[in-house]
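The values are calculated or read from the model by the stated rules, or taken from the named source; none is laboratory data. Since the structure is predicted, the reported quantities are computational estimates derived from the model, not experimental observations. Cβ placement follows ideal geometry from the backbone for every residue including glycine, while neighbour counts extend to all protein chains displayed.
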Amino acid sequence: MDVNISFANGGIGAAANESGVGFLTVSRPEKRNALTDAMWRSVPDAINWLVVEQHVRVVILSGAGGRDFSAGADIGEFATLRKDATTARDYEAGNSAAFAAVRNCPVPVIASVRGICFGGGFGLAAAADLRLADHTARFAIPAARLGLAYPLDAVQDLVRALGDQEARRALYSTAELSAAQALACGCLLKLSEPDELDSDALALAASIAGAAPLSVRASKAAIAAVQSNHEEDYKRAAGLAASTFDSADYAEGRRAFMEKRKPAFNGR
């Protein structure tokens, strides 16, 4: 990796390599990567640093320590930061900003999941574009065991990721989903062996980073428009699609095809 930075006293790490792949890491392995309020609120800044300052073409989201993705929000903070409806609204604004930063990231986000992926950790993974996991992965939404409600925007991501019935079961019963169950319901793109997960995620990221960046961004916007069915999203997606035809990358793609070589896209 060429450059890296940390946020929230090291709780969120961001790095970028020379191939245009960004890495966003939840880094609190001693607490199974549970996120503090400061960590939640730093996720948008970390993604902005990767996309705007480092110009990455894809982001891999994972948990540090090689054991767990994330146990979700740090419950130890709830007695003060999430003790009633008023404080919960402020606390969950940080959650929602983090979910939105992943969901609306201009470039694709790949969640690479091993071990525990619970609560808000599952919310971050559900907000990603693509999800890979190894056989140790476990998914759950324990909100109903704590007596609280899961944020609405995160529920929308869960329904998209799990499908209607599995999302209902996860939220109503708090039952865990195994990696195999998550794969079966379409939540995961692929199930990897534990020692192959990192390389599989990196290979997928490299294939995306090698594609025309403007085309990929237009495709992500189009998928978002189909899912939201909002007129403004359709207009934005149409504008991004139209702009590709005036890009240098489109000219490069045509030349490379005719010359039977690999194109060198620069995102312009």
Next on the checklist: Against the condition out of contact with any Lys or Arg (no Cβ under 6 Å at 6 or more places or on another chain) and of a type in the set (A, V, I, L, M, F, W, C), how does Ala209 come out, does it pass?
Outcome noted: no
Checklist entry - Taking region 83-129 on its own, how many of its residues are surrounded by fewer than 24 Cβ atoms within 10 Å (Cβ to Cβ), in contact (Cβ under 8 Å) with a residue 24 or more places away in the chain and among the basic types (Lys, Arg)? => result 1
Checklist entry - In region 187-232, how many are surrounded by fewer than 18 Cβ atoms within 10 Å (Cβ to Cβ) and either of a type in the set (Lys, Arg) or at positive phi (or both)? => result 2
Checklist entry - Restricting the first residue to region 173-185 and requiring it to be closer than 11 Å to Ala140 by Cβ, which pairs with a second residue that is among the aromatic types (Phe, Trp, Tyr) and modelled with pLDDT of 95 or more meet a Cβ separation below 7 Å and a spacing of at least six or different chains? => result Glu176/Phe139; Leu177/Phe139; Ala182/Phe139
Checklist entry - Among the residues of region 24-46, is any among the basic types (Lys, Arg) and at pLDDT below 95? => result no
Checklist entry - Here are Ser243, Ser219: which of them is more than 17 Å from the chain's Cα centre (by Cα) and either among the hydrophobic types (A, V, I, L, M, F, W, C) or in a helix (DSSP H, G or I) (or both)? => result Ser243
Checklist entry - What about Leu197, is it closer than 19 Å to Asp157 by Cβ, touching a strand residue (DSSP E or B) at 6+ places or on another chain (Cβ under 9 Å) and assigned by TED's automatic domain parsing to the domain that holds Asp157? => result no
Next on the checklist: If I ask for residues that are farther than 17 Å from Ala98 by Cα and either touching a residue at least 60 places away in the same chain (Cβ under 8 Å) or buried (at least 20 other Cβ atoms within 10 Å of the Cβ) (or both), which ones from region 144-160 would you list?
Outcome noted: Leu146, Leu148, Arg160
Item to check | Residue tally, condition within 14 Å of Gly11 (Cα to Cα) and within 18 Å of the chain's Cα centre (by Cα), over region 69-94 | outcome: 5
Item to check | For Phe139: the one exception among (1) outside any strand (DSSP E or B); (2) at pLDDT 95 or above; (3) among the aromatic types (Phe, Trp, Tyr) | outcome: (1)
Next on the checklist: Against the condition over 24 Å from Thr25 (Cβ atoms), touching a residue at least 60 places away in the same chain (Cβ under 8 Å) and either under 16 Å from the mean Cα position of the chain (by Cα) or in a helix (DSSP H, G or I) (or both), how does Gln227 come out, does it pass?
Outcome noted: yes
Checklist entry - Tell me, which strands (runs of 3 or more DSSP E) lie completely within region 1-99 with 3 or more residues that are in the same structural domain as Val113 (by TED's automatic domain parsing) and among the aliphatic types (A, V, I, L, M)? => result 12-16, 21-26, 58-63
Next on the checklist: Tell me whether region 209-216 contains one or more residues that are part of a helix (DSSP H, G or I), within 20 Å of the chain's Cα centre (by Cα) and within 28 Å of Gly66 (Cα to Cα).
Outcome noted: yes
Checklist entry - Applying the selection to region 49-73, what residues are surrounded by 18 or more Cβ atoms within 10 Å (Cβ to Cβ), over 22 Å from Ala154 (Cβ atoms) and among the β-branched types (Val, Ile, Thr)? => result Val56, Val58
Next on the checklist: Quick test for you: out of Ala144, Ala154, pick the one residue that is under 20 Å from the mean Cα position of the chain (by Cα) and either in a helix (DSSP H, G or I) or more than 15 Å from Phe122 (Cα to Cα) (or both).
Outcome noted: Ala154
